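See below for the structure under consideration.
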Amino acid sequence: MYPEPVRAGFYVHIPFCVRKCGYCDFNSHASTGELHAAYQEALLGDIAETGRRYPGVEVDTVFIGGGTPSLFTPAQIGAILDRLAASFALRAAEITMEANPGTVERHDFGDYRRAGVTRVSMGAQSFDAAELAMLDRIHSPEEIVAAVRAVRAGGFDNLNLDLIFALPGQSLGTWRANLAAAIALEPEHLSAYNLMFEPGTEFFHRRARGLLAEKPGEEQAEFLADTAHRLEAAGYEPYEISNFARAGRACAHNLRYWRREPVLAAGAGAHGFDGRVRWSNVRSPQEYIRRARAGESVEATREEPGREEGMLEAAMCRLRLREGLDESRFEREFGLSPGTAWPRTLRMAADRGFVERRDGALALTPAGILISQALFAEFARERA
Ligand code: SF4
């Protein structure tokens, strides 16, 4: 019933935060800690069960995301990693934990490092106090700097900072100051995403009521182009549309998603993919705990994407990467080349300078990156 990938990444979801940010559509819930112990117990059971379904799989990247995993103690994070090691062949050189400023003072980061975490991804988002308040973040710019110091003092030499741009009212000048402040902290990796107004979020409602104004697409593209230019000049390789890394510091775990490779998963609302089948768990932490205690499955959905869906996913994910969409690999997987699957879209994209061929792969040009969403929509339309 289950194919057995030889090697996979593993995602662990911790769905708790101090407060819910207005723009956030992740499965995260404001928490004062009352569910943490019960959730951890359910999570350990979920990891063990996943290990029984995929025996012998070598897990070579781990990502503990959220939510705010740094609300969990180093001992709790250590127990999660111990359970992964007991359930799989854990050979992960990269074990990332997400953390948020305003929570890091609760625990010693050296203890997370000793527990096995090798990389920290910090939700900085902005270095402007007014922007942080607008985003409902719980921290100040100074707390980001203190958090980075705490992470470095804990012995981490692999740090990512998350930033958000194209905020309502944000000028290019303010954004450049944010970027400069982030670069000054010398992280090995930077992620910069434009603000999204996802349905169901507080920001979505605020925009509908005219309280927040989304920047027009052309302005967002201008921010993105400026970001790539500045980060490249500062020595960061733009290895994915929104992700920039020092040489050798690209996020190996996230590369798995963009390459459409197996990532197993545990936790409330977590999504797993074994190379053929994908599944998701129930989102509610309370229901996740209840089911685990009752010995019921925590899965909410399970499906095997068809060939068309798989092709589109592979094209859209891999084109986000600078390495691009490997044409031979695509043909091996799906039995036809990208040029045969999307003759009209790829001809149009090549003619307009949005896509180029590099080392046997199709890759977006800088102009193509700026219109990537529209281009991906064309891929979907051509085979609809
Ligand atoms: S801290 Fe992150 S995960 Fe938590 S609510 Fe804010 S954006 Fe969402």
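The values are calculated or read from the model by the stated rules, or taken from the named source; none is laboratory data. Just so it is clear, the structure is predicted and the values come from calculations on it, not from any experiment. Quick reminder, even Gly has a Cβ in these numbers, built from the backbone with ideal geometry, and neighbours come from all protein chains shown. Heads up: the accessible areas ignore ligands, DNA and RNA and are worked out on the full protein's heavy atoms, side chains in. Shrake-Rupley method; radii C 1.70, N 1.55, O 1.52, S 1.80 Å.
Do you know which of the residues in the stretch 69-102 that are surrounded by 24 or more Cβ atoms within 10 Å (Cβ to Cβ) and within 16 Å of the ligand (Cβ to nearest atom) is nearest to Val263 (Cα to Cα)?
Going through the qualifying residues, I end up with Thr96.
Mind counting the residues in the stretch 263-296 that are of a type in the set (Lys, Arg) and within 18 Å of the chain's Cα centre (by Cα)?
The number of residues fulfilling the criteria is 2.
Taking Phe203 as meeting all but one of (1) closer than 28 Å to Gly235 by Cβ; (2) open to solvent by less than 30 Å² (accessible area, probe 1.4 Å), write down the number of the exception.
Against the list (1) closer than 28 Å to Gly235 by Cβ; (2) open to solvent by less than 30 Å² (accessible area, probe 1.4 Å), Phe203 comes up short only on (1).
Scan the stretch 142-151 for residues that are buried (at least 16 other Cβ atoms within 10 Å of the Cβ) and without any contact (Cβ under 8 Å) to a residue 40 or more places away in the chain and jot them down.
Val148
Which one of these is within 19 Å of Ala250 (Cβ to Cβ) and either assigned by TED's automatic domain parsing to the domain that holds Tyr239 or buried (at least 20 other Cβ atoms within 10 Å of the Cβ) (or both): Ser171, Ser191?
Answer to the check: Ser191.
Yes or no: the stretch 228-237 includes at least one residue that is more than 18 Å from Glu98 (Cβ to Cβ) and basic (Lys, Arg).
The answer is yes, given that some residue of the stretch 228-237 is more than 18 Å from Glu98 (Cβ to Cβ) and basic (Lys, Arg).
Just name the residue that is nearest to Gly267 (Cα to Cα) out of those in the stretch 20-66 that are more than 16 Å from the ligand (Cβ to nearest atom), in contact (Cβ under 8 Å) with a residue 60 or more places away in the chain and of a type in the set (S, T, N, Q).
Among them, the one singled out is Thr50.
Here's the yes/no breakdown for (1) among the β-branched types (Val, Ile, Thr); (2) modelled with pLDDT of 95 or more; (3) assigned to a helix (DSSP H, G or I):
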position	(1), (2), (3)
Phe63	no, yes, no
Ala75	no, yes, yes
Arg91	no, no, no
Glu98	no, yes, no
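Do you know which of the residues in the stretch 164-212 that are touching a Ser or Thr at 6+ places or on another chain (Cβ under 9 Å) and of a type in the set (Phe, Trp, Tyr) is farthest from His29 (Cα to Cα)?
Trp175
If Lys215 meets every condition in (1) open to solvent by 30 Å² or more (accessible area, probe 1.4 Å); (2) outside any helix (DSSP H, G or I); (3) charged (D, E, K, R) apart from one, which number is that one?
In the conditions (1) open to solvent by 30 Å² or more (accessible area, probe 1.4 Å); (2) outside any helix (DSSP H, G or I); (3) charged (D, E, K, R), Lys215 misses (1) alone.
Could you tell me which of the residues Glu287, Glu304, Glu299, Glu327 is farther than 22 Å from Ala93 by Cα and touching a Lys or Arg at 6+ places or on another chain (Cβ under 7 Å)?
Residue meeting the stated conditions: Glu304.
May I ask you to say which residue of Asn178, Asn160 is assigned to a helix (DSSP H, G or I) and either buried (at least 16 other Cβ atoms within 10 Å of the Cβ) or in contact with a Phe, Trp or Tyr (Cβ under 7 Å, 6 or more places away or on another chain) (or both)?
On inspection, the qualifying residue turns out to be Asn178.
Which of the residues spanning the stretch 105-141 are touching a residue at least 24 places away in the same chain (Cβ under 8 Å), closer than 21 Å to Ser171 by Cα, part of a helix (DSSP H, G or I) and open to solvent by 30 Å² or more (accessible area, probe 1.4 Å)?
Met134
If you check Cys17 against the conditions, is it surrounded by fewer than 21 Cβ atoms within 10 Å (Cβ to Cβ), at pLDDT 95 or above and within 16 Å of the ligand (Cβ to nearest atom)?
The answer is no for Cys17.
Looking only at the stretch 327-346, filter to residues that are over 15 Å from Arg383 (Cβ atoms) and of a type outside the set (Ser, Thr, Tyr); which one of those is most open to solvent (accessible area, probe 1.4 Å)?
Arg332
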